[in-house]
Amino acid sequence: MQSATLSHTAALVRFGHALSDETRAQILLALRVAPARPSDLADALGVSRQVMSNQLACLRGCGLVSAVPDGRRTWYRLAEPEIAAGLNDLLSLVLTVDPDCCAESGCACNE
């Protein structure tokens with residue numbers, strides 16, 4: 001399978017999609033600290049192995065994580081070190097938000 005290079009806009013859209021799900025965001029934050037096996041991530045985040053498998057497949061498809069085979073096990077890591085730096089930069093932001101925007105009922109930005 002050939003990989004494609006995305007435009008800046010398309011790359012940001014994929015990154016945003018990955019971060020739009022709490023479980024995927026938690027996976028990325030965990031992997032910024034160290035590589036991990038899917039079973040360990042599932043246990044740490046309190047999700048099923050099937051949910052973890054689906055979320056890791058999404059993150060692989062977005063180009064944000066990579067799988068590293070190790071015998072019968074597989075380790076996951078961030079695809080590029082710059083992803084960890086970007087996550088650290090995002091975590092350092094302090095945002096003033098409208099509490100009514102992006103609530104459980106949906107994002108007011110999409111209306």
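FYI, it's all coordinate maths here, none of it is from the lab. In this text, all values refer to a predicted model and were calculated from it rather than measured experimentally. As a convention, Cβ positions derive from the backbone with ideal geometry for all residues, glycine included, and neighbour counts pool all protein chains shown.
Of everything in segment 13-23 that's assigned to a helix (DSSP H, G or I) and of a type outside the set (Ser, Thr, Tyr), which residue is farthest from residue 60 (Cα to Cα)? Out of the qualifying residues, it is 22.
Just so you know, in segment 24-38 the residues that are of a type in the set (A, V, I, L, M, F, W, C) and in a helix (DSSP H, G or I) include one that is farthest from residue 14 (Cα to Cα), and it is 33. Evaluated against (1) of a type in the set (Lys, Arg); (2) closer than 25 Å to residue 102 by Cα; (3) surrounded by fewer than 17 Cβ atoms within 10 Å (Cβ to Cβ), residue 24 falls short on exactly one condition, (3).
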